[in-house]
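Only one structure is covered here, and it is reproduced in the block below.
The values are calculated or read from the model by the stated rules, or taken from the named source; none is laboratory data. Quick caveat, the model's predicted, so the values are computed rather than measured. Every residue, glycine as well, gets a Cβ built from its backbone with ideal geometry; the counts of neighbours run over all protein chains shown.
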Amino acid sequence: MIRGALLAALALTAVGASAPAPYQLAPYKDDLFQYPAVSQTKDDGDYVVVAYDKQRDLYERDQVPEQEVRGNYLGLVSKTVVSFDAGGKTLEAIGAGKVDGGAKAIVIYIHGQGGTRLQGANDDMFGGNFNRIMVLMDRNDGGYLSPDFDDMGPVGTSQVKALLLDQAAKSPDAAIFVACGSQGGAICWQLIADKDAAPHLAGLLLLGSGHDDDFLKSPILKPKARHIPIYLGHGTADPIFAWADEADFYAKVRKASPGYPIRIALFDTGVHGTPIRMTDWRLTLNWMLTADGR
């Protein structure tokens, strides 16, 4: 009797031990960075309209508008310069957290036209949201990288791919996310179509960026394929990429592949850079960590 009870207890312990809690990013300044108000939602929360207020979300948030955020939005994080080889050319990225191996998750930020690696590591621009993602990854056994690359075409894509594969080799169990701002989105779409890069992707984040209709023909959309989560963040007053086009692309993906893990957040009255300022990194990445079919 006692022996039977002991065996049952051991069996329950073994079951519990084999099902650890899934990896998620712990809260960090959520009260400051979570969406201030959602004015519209549909598709079970996959489509949201966020009420952006320029007075509240820019002028009251920044000490110097678009240049210096108020100190309560910032946290301490150590940064390092990471060199990586891209087809015989040595390039640099600014990193934070576990960029030398052992990371549970990695975020690579791709800047838009005219940017450099410095943009994605700027603590003060975009309301401190780059500081937040660096701190989030540093505190959650993750890594963050903002690299230089030569262009938004095949050369730049191959260089970002080299960094991605290097990180995948250093942290083979890491979920790797690529976040692309503005015209950098061209690199995101090229990576998801690349047979060597795509298997390592745990999600794409398009921030004030465009879409690629060729994705609608991708084998990734097939029912038995591994579906890579996609997030579209867009301002409704973006003068470069029309929000309606991105909302239409979101709807086309859902129609082509019902249940595909794709979300869109529209920032009402927000402009081109608003999604970089307002996207809730923790909310989005934690959703991707549960939706990724790796």
Taking region 178-209 and keeping only residues that are outside any helix (DSSP H, G or I) and buried (at least 23 other Cβ atoms within 10 Å of the Cβ), one is left with 178, 179, 180, 181, 201, 203, 204, 205, 206, 207, 208, 209
Would you pick out the residues in region 119-133 that are in contact (Cβ under 8 Å) with a residue 12 or more places away in the chain and not acidic (Asp, Glu)?
119, 120, 121, 125, 126, 127, 128, 129, 130, 131, 132, 133
Tally up the residues in region 97-118 that are touching a residue at least 40 places away in the same chain (Cβ under 8 Å) and more than 20 Å from residue 200 (Cβ to Cβ), please.
4
How many residues does region 243-294 contain that are in contact with a Pro (Cβ under 7 Å, 6 or more places away or on another chain), in a strand (DSSP E or B) and of a type in the set (Gly, Ala, Ser)?
0
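Okay, residues lined up against (1) exposed (fewer than 12 other Cβ atoms within 10 Å of the Cβ); (2) among the aliphatic types (A, V, I, L, M):
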site: 46; (1), (2): no, no
site: 58; (1), (2): no, yes
site: 72; (1), (2): yes, no
site: 101; (1), (2): no, no
site: 104; (1), (2): no, no
Of the conditions (1) out of contact with any Phe, Trp or Tyr (no Cβ under 7 Å at 6 or more places or on another chain); (2) surrounded by fewer than 20 Cβ atoms within 10 Å (Cβ to Cβ), residue 280 fails just one. Which one is it?
(1)
What number goes with the only condition from (1) on the phi > 0 side of the Ramachandran plot; (2) surrounded by fewer than 21 Cβ atoms within 10 Å (Cβ to Cβ) that residue 127 does not pass?
(2)
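Listed residues 75, 101, 115; which is more than 20 Å from residue 173 (Cα to Cα), at pLDDT 95 or above, small (Gly, Ala, Ser) and part of a loop (DSSP other than H, G, I, E, B)?
Residue meeting the stated conditions: 75.
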Is there a residue being in contact with a His (Cβ under 9 Å, 6 or more places away or on another chain), hydroxyl-bearing (Ser, Thr, Tyr) and closer than 18 Å to residue 204 by Cβ anywhere in region 142-149?
yes
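Going through region 15-35 one residue at a time, which ones are modelled with pLDDT under 95 and either in a loop (DSSP other than H, G, I, E, B) or surrounded by 10 or more Cβ atoms within 10 Å (Cβ to Cβ) (or both)?
18, 19, 20, 21, 22
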On the given criteria, is residue 226 farther than 20 Å from residue 109 by Cβ, touching a residue at least 60 places away in the same chain (Cβ under 8 Å) and either of a type in the set (D, E, K, R) or buried (at least 17 other Cβ atoms within 10 Å of the Cβ) (or both)?
yes
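Within region 210-227, track down each residue that is of a type outside the set (D, E, K, R) and either in contact with a helix residue (DSSP H, G or I) (Cβ under 8 Å, 6 or more places away or on another chain) or in a loop (DSSP other than H, G, I, E, B) (or both). Show your work before the answer.
Here is the first cut: in region 210-227, the ones of a type outside the set (D, E, K, R) are 210-211, 215-216, 218-221, 223, 225, 227.
The answer is 210, 211, 215, 216, 218, 220, 221, 223, 225, 227.
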Among the residues of region 51-63, the number that are out of contact with any Ser or Thr (no Cβ under 7 Å at 6 or more places or on another chain), in contact (Cβ under 8 Å) with a residue 24 or more places away in the chain and part of a strand (DSSP E or B) is 1
For region 248-294, what are the residues that are touching a residue at least 60 places away in the same chain (Cβ under 8 Å) and farther than 18 Å from residue 180 by Cβ?
254, 268, 269, 282, 283, 286, 289, 290, 291, 293, 294
